[in-house]
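The values are calculated or read from the model by the stated rules, or taken from the named source; none is laboratory data. These numbers come from a predicted model, not from an experiment. Don't worry about glycine lacking a Cβ; one is built from the backbone with ideal geometry, like all the others, and counts go over all protein chains shown.
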Amino acid sequence: MICRVWHGWTTPENADQYEHLLRSEIFHGIAGRNIAGYHGIELLRRPTDDLAEFVTMMWFDSIGAVRAFAGPDYDLAVVPPAARALLVRFDERSAHYEVRHPRELV
């Protein structure tokens with residue numbers, strides 16, 4: 001299992017709008033691609049001193065499945081124009097971690 005981790009920051013004023021865009025459009029668009037080996041996305045949010053930080057964690061069976069999502073340069077962040085318009089800054093590249101001990105559901 002591979003976890004793809006990415007960070008983006010927006011202003012507090014744009015945070016709710018950005019989260020709504022993710023949840024109502026972008027995440028559904030990703031799921032609608034029916035990528036073999038894709039197992040969903042999680043969204044984290046926290047306020048910082050002057051911005052709102054967002055973290056996405058996407059779950060894939062393999063790096064091959066990540067490539068099916070992101071293309072051959074699979075580390076490159078996938079940030080649609082509508083999201084870029086609301087972000088102050090973001091990771092240009094995503095990080096990929098091999099999941100060594102998966103979380104257990106209780």
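If the condition is being closer than 17 Å to ALA70 by Cα and either loosely packed, with under 13 Cβ neighbours inside 10 Å or of a type in the set (Asp, Glu) (or both), then segment 1-38 contributes HIS28, GLY29, ALA31, GLY32, ARG33, ASN34, ALA36.
The condition of being of a type in the set (Gly, Ala, Ser) and crowded, with 16+ Cβ neighbours inside 10 Å does not hold for ALA95.
Test ARG93 against the criterion of being free of Cβ contacts under 8 Å to residues at least 24 places away in the same chain and not hydroxyl-bearing (Ser, Thr, Tyr), and give yes or no. Steps first, answer last, please.
Details: free of Cβ contacts under 8 Å to residues at least 24 places away in the same chain: yes; not hydroxyl-bearing (Ser, Thr, Tyr): yes.
In short, yes.
Looking only at residues in segment 40-60 that are loosely packed, with under 14 Cβ neighbours inside 10 Å, modelled with pLDDT of 95 or more and of a type in the set (D, E, K, R), which one is farthest from GLU19 (Cα to Cα)? By that ranking, first place goes to ASP50. Restrict the check to segment 18-32 and report whether at least one residue is under 25 Å from ARG103 (Cα atoms), under 13 Å from the mean Cα position of the chain (by Cα) and touching a residue at least 60 places away in the same chain (Cβ under 8 Å). Yes; the residues of segment 18-32 include at least one that is under 25 Å from ARG103 (Cα atoms), under 13 Å from the mean Cα position of the chain (by Cα) and touching a residue at least 60 places away in the same chain (Cβ under 8 Å).
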